Amino acid sequence: MLGALPLAAGLALAAGPSWAQEFNMKFATLTLNDMQHEYIKVYKREIEKATNGRIKVGIFPAGQLGGAPRQTEGLRLGTIEAAIGPAELFVGADPRFQGLAMAGLFKDTDHARRVIDVPSVKKAIFDVAADRNLVGIYAGVYDLQGFVAKTPITKIADLSGKRIRVLASEGEQAQVRALGASAVPMSLPEVLPALQQGTIDGVSTVKGVFVAFKYYDAAPHLLDTQLWALVPITLVSKVWFNRLPPDLQKAVVEVGAKIGPEIDKWQIARIASDTAAWKEKGGKIYTLPAAEQTEAEKRVTAAIQPVLDKSPPLKEFYGKIKAGAATVN
């Protein structure tokens with residue numbers, strides 16, 4: 001009888017409560033040394049502290065786990081546990097995500113942050129994620145868009161015929177074409193070599209990416225148009241999430257929201273430092289004259305209408321974001 005005690009104790013330990021289990025969380029992003037990378041680093045610190053190490057986060061920046069399509073697929077299959085990126089990167093999961101990168105929603109970055117924090121707006125974003133077997137835990141604001149190019153762009157006509165790298169969303173392509181440029185979807189790791197080799201003439205994204213990937217050497221002319229926003233969202237695989245015990249599910253969601261203000265503060269400071277760094281490295285920054293800025297806004301707003309009209313779910317989602325924006329000064 002006594003000889004059976006060690007065996008019984010071993011079986012009891014093997015069948016111990018779920019709180020003793022540990023879970024690995026591969027967390028991916030396409031960028032490096034920027035807001036999205038910072039989010040993952042802070043999330044790792046806070047979730048490991050909140051769960052006493054029961055969730056361990058692996059950080060995979062710079063597209064180490066593949067481009068946007070592969071990350072989206074991995075999230076849905078559960079082979080990648082979490083990812084952060086501009087919402088429109090995840091159009092492969094649901095085309096509605098591109099609605100956040102369409103013109104007519106945000107006045108400036110401060111307004112965009114206040115809009116994204118409106119409960120109905122955040123719910124609309126996370127509802128789209130839930131529809132695709134994903135868990136949304138964060139939505140923030142990277143910055144408003146601009147163009148960099150190899151030659152100066154000081155007016156709309158300077159964009160004419162230029163081959164501009166864009167994300168693969170139909171909405172962004174339509175907006176870039178409305179300004180006279182050719183829209184060239186391209187994975188982020190391919191962009192700098194394409195600029196250097198002359199495959200593309202410029203890029204549409206935000207200062208943080210321009211500086212992090214050192215575009216100032218190949219394309220030093222930045223037109224700060226601010227026509228639409230980049231809204232990073234953090235998505236967690238529901239396949240993986242469902243394996244967690246309830247207390248860890250709660251922690252995953254709560255930490256994702258809790259660190260938002262810290263990341264916002266970090267990014268506000270980063271926009272200022274990126275602007276300074278761009279100039280220090282020899283980059284130039286231009287803005288359109290007031291009349292041309294108004295014309296650019298008119299063109300891109302008109303360009304998204306056919307995209308919205310042919311997709312009622314996208315149009316409804318965009319309408320929810322716009323309605324939320326109308327409640328914020």
* Test: residue 255 is touching a residue at least 24 places away in the same chain (Cβ under 8 Å), outside the structural domain of residue 170 (by TED's automatic domain parsing) and of a type in the set (Val, Ile, Thr) -> yes
* When segment 68-87 is examined, which residues are found to be under 15 Å from the mean Cα position of the chain (by Cα), of a type in the set (A, V, I, L, M) and part of a helix (DSSP H, G or I)? -> 68, 75, 87
* Structure fact -> When restricted to 222, 235, the only residue within 24 Å of residue 189 (Cβ to Cβ), crowded, with 22+ Cβ neighbours inside 10 Å and not assigned by TED's automatic domain parsing to the domain that holds residue 318 is 235
* To do: Evaluate the following for residue 292: is it at pLDDT 95 or above, within 30 Å of residue 26 (Cβ to Cβ) and either out of contact with any Phe, Trp or Tyr (no Cβ under 7 Å at 6 or more places or on another chain) or surrounded by 15 or more Cβ atoms within 10 Å (Cβ to Cβ) (or both)?
  => no
* If we scan segment 62-77, do we find a residue that is at positive phi and either assigned by TED's automatic domain parsing to the domain that holds residue 210 or aliphatic (A, V, I, L, M) (or both)? -> yes
* surrounded by fewer than 19 Cβ atoms within 10 Å (Cβ to Cβ) and free of Cβ contacts under 8 Å to residues at least 60 places away in the same chain, is that true of residue 250? -> yes
* Asked: Within segment 255-304, which residues are charged (D, E, K, R) and within 18 Å of residue 36 (Cα to Cα)?
  -> 258, 262, 264, 265, 270, 274
* Asked: Has segment 181-197 got any residue that is in the same structural domain as residue 287 (by TED's automatic domain parsing), part of a strand (DSSP E or B) and buried (at least 19 other Cβ atoms within 10 Å of the Cβ)?
  -> yes
* To do: Identify all residues within segment 86-120 that are within 26 Å of residue 237 (Cβ to Cβ) and touching a strand residue (DSSP E or B) at 6+ places or on another chain (Cβ under 6 Å); write none if there are none.
  => 86, 87, 116
* Structure fact -> Counted residues in segment 168-188 being touching a strand residue (DSSP E or B) at 6+ places or on another chain (Cβ under 7 Å) and of a type outside the set (Asp, Glu) come to 10
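The values are calculated or read from the model by the stated rules, or taken from the named source; none is laboratory data. Just so you know, these numbers come straight off a predicted model, no measurement behind them. Quick reminder, even Gly has a Cβ in these numbers, built from the backbone with ideal geometry, and neighbours come from all protein chains shown.
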